[in-house]
Every structure is written in structure tokens, then in C-alpha cells.
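The next block holds one structure in the form of C-alpha cells; read it before the comments.
The values are calculated or read from the model by the stated rules, or taken from the named source; none is laboratory data. Bear in mind the structure is a predicted one, so any value in this text is a computation, not a measurement. Neighbour counts run over all protein chains shown; Cβ positions are idealised from the backbone, glycine included. The protein model used for the area step is the full one, side chains on, heavy atoms only, and it has no ligands, DNA or RNA in it. Shrake-Rupley method; radii C 1.70, N 1.55, O 1.52, S 1.80 Å.
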Amino acid sequence: MNTKLKCLLLDDELPGLTYLKMLCEQIPEVEIVKTFNNPEKLLAEIPNLDFDLLITDIEMPGIDGLHLASLLQDKMVVFCTAYKDYAADAFTIDAVDYITKPVKLERLQKTILKAFERYNSATNVKRFIQLNTDKGKSLLYFNQILYIKTALVDSRDKTVLLTDGSLLNLKNINFDTLLKELPEAHFCRVNKKEIVAVKAIKFFNHNEIVLHYVDGNEKNSTLLLSETYRADFLRKIKI
């Protein structure tokens, strides 16, 4: 169990941002990763930031806090604003909490406790991730995945083969991001273009992997096992 929540702070008004940072520094369970006074700069840096929780204002120039929160994948959000009008919208996107300014330390401490409870609950029972697809946002359950491959039309996208034989097209996501979200013990990258679920494997040898899944030609699907990823693959299946 984590002892600290890694937090990003966002407020376009510097006095408000400074005050929020000062409060967070008084809460031992909070580790401030970075502060921002521009939502677009935060969004640009998201792929390179390791954090659990975003505490953000709502009314800001450019991207408002609600829109920003909707763009985050599987991250907790707390809204901290001077306005009460957005509370319903905030909880529609499953915010941890909604705090109205001026913020008091005791109120923020209660919010961090709620975030911690959600974080630990999600860590213990997490069974899916929320991802953008060509049909909108989707909940992708780990136990439904057989393999993930680079999409044919656009290499920035990924195609998922599900246990029911259907395909799901994930938009603009890379393999490194996917591997961070998938349970490490159950998924393995086998070449530059494919990730496989360990449970989907029927046979394998030094160079290829045969799946239980039978394709449209009534043959078991086969994946290439490249030298680059062979050692990790063998470790995953405990050979």
C-alpha cells in the first residue's frame, strides 16, 4: 500500500496555486509531483508524469478543468473551485471530491483520505481500464483480452482481439502505456507490434506462439516471438 499520493496541482491564478501547494505540503500523505498554472502545458506533459491524483480549478482559459479531467485515463481528480455550479458535472465524471474555495486544511485532509481509500480499493480490485476507441470511451476488462496489435490503418492505434472474437480499435495509444496499465503477470509483449495475454497461449517455441484462438481460416492464430522480447516472455511463463 502506498504511503503517499503523487499529486499534480493546477490553478491558473498563481496566488490560489501557491496557497493550495502550501496546504498540500502540510499533509504527510501528499507528494507534490508538479504544479501548473496553465492547463494546456499540463496536458502536454501528462505522458511523462507519474501521478495518482490531479487537484484542479475548473474555470480556466483554454481548457477548463472538466474537459481536462475527461481526457485523463484512469487518474483520480479533485476539483477545487470558487463556484458551486459545476458540482453535478464533476461527479458525472466520477471526481473524488468537489471543494469550494477558500479551501481549509481540514477539508482538504478529508478529501485526500477519500482519494487514498479509492486508490487502495482500485489497486486491490482493478479489473479494467478506460480507453478511447473509435466508437468512444470504453471499459476494457483484462480478462477479455487475447492480444493487442498495431492497427493496420494507423500505427498510432491498436487493435484488441477479445475473447468473444470481436475486435476493438484503441485510439492513439502506445504499447508502453498499455503495458503500464495491464497486469504485469498476465500480459507480455512478444514483438514490436503485439502484446499477448498469457492465458491465450496454447503452444510456443523459440520463434513463435500459437494461440487457442481459431481465426476465420479455421487455424490457430500465430504470433512471432522476437529475440528482443524472448527473455521477458520466458520469465512471464516461468520457464
- prompt: Accessible area per residue of the chain at 1.4 Å probe, in Å²?
  reply: 57 Å²
- prompt: Given that just one value was derived from the coordinates, which of (1) 13.5; (2) 14.7; (3) 11.6 is mean projected area of the Cα convex hull in nm²?
  reply: (2)
message: What are the ³J(HN,Hα) couplings of the stretch 53-70, residue after residue, when phi is run through the Karplus curve with 6.51, -1.76, 1.60 and θ = phi - 60°? Round to Hz, x for glycine and proline.
response: 9, 10, 9, 9, 6, 10, 7, 9, x, x, 9, 7, x, 5, 5, 4, 4, 5
Relative contact order %, the stretch 12-68, counting alpha carbon pairs below 8 Å whose residues are six or more apart: 34 percent
At q = 0.11, 0.21 Å⁻¹, base-10 log of I(q)/I(0) for the stretch 119-221 (Debye sum, equal scatterers on each alpha carbon): -0.34, -1.20
message: Give me the dipole magnitude in Debye, nearest 20, for the stretch 163-229 about the Cα centre, with unit charges on the beta carbon: positive for Lys and Arg, negative for Asp and Glu.
response: 80 debye
field: Within the chain: Cβ-based charge dipole about Cα centre, in debye rounded to nearest 20 (Lys, Arg +1; Asp, Glu -1)
entry: 880 debye
- prompt: Lys/Arg Cβ at +1, Asp/Glu Cβ at -1, dipole of the chain taken about the Cα centre: which of ILE195, VAL160, LEU234 is farthest positive-ward?
  reply: LEU234
- line: Non-local residues with an amide H under 5 Å from the amide H of VAL30, with H modelled 1.01 Å from N and Pro and chain starts lacking one, are LEU5
statement: Along the stretch 109-114, Karplus-curve 3J(HN,Hα) (6.51, -1.76, 1.60; θ = phi - 60°) to the nearest Hz, with x for Gly and Pro, reads 4, 5, 5, 4, 4, 4
query: Fully extended, how many nm does the chain gain between ASP85 and PHE128 (0.36 nm per residue separation, minus their Cα-Cα distance)?
result: 12.3 nm
query: What trypsin sites (Lys or Arg not before Pro) in the stretch 89-157 are in a loop by DSSP, with at most 10 other Cβ atoms within 10 Å of the Cβ?
result: LYS135
task: Scan around ILE63 for amide H atoms under 5 Å from its own, H built in the peptide plane at 1.01 Å from N, and keep only partners 5 or more places away or cross-chain.
output: GLU40
- prompt: For the chain, which span is the longest to avoid every loop-located (per DSSP) member of GluC sites (Glu not before Pro) having at most 11 other Cβ atoms inside 10 Å?
  reply: 26-217
Vicinal HN-Hα couplings computed from phi for the stretch 159-174 (Karplus, 6.51 cos²θ - 1.76 cosθ + 1.60; Hz; Gly/Pro x): 10, 9, 8, 9, 4, 7, x, 7, 10, 10, 9, 8, 8, 6, 9, 9
- line: Under the 7 Å Cα-to-Cβ spin-label approximation, LEU139 and ASN120 lie apart by a distance in nanometres of 2.4 nm
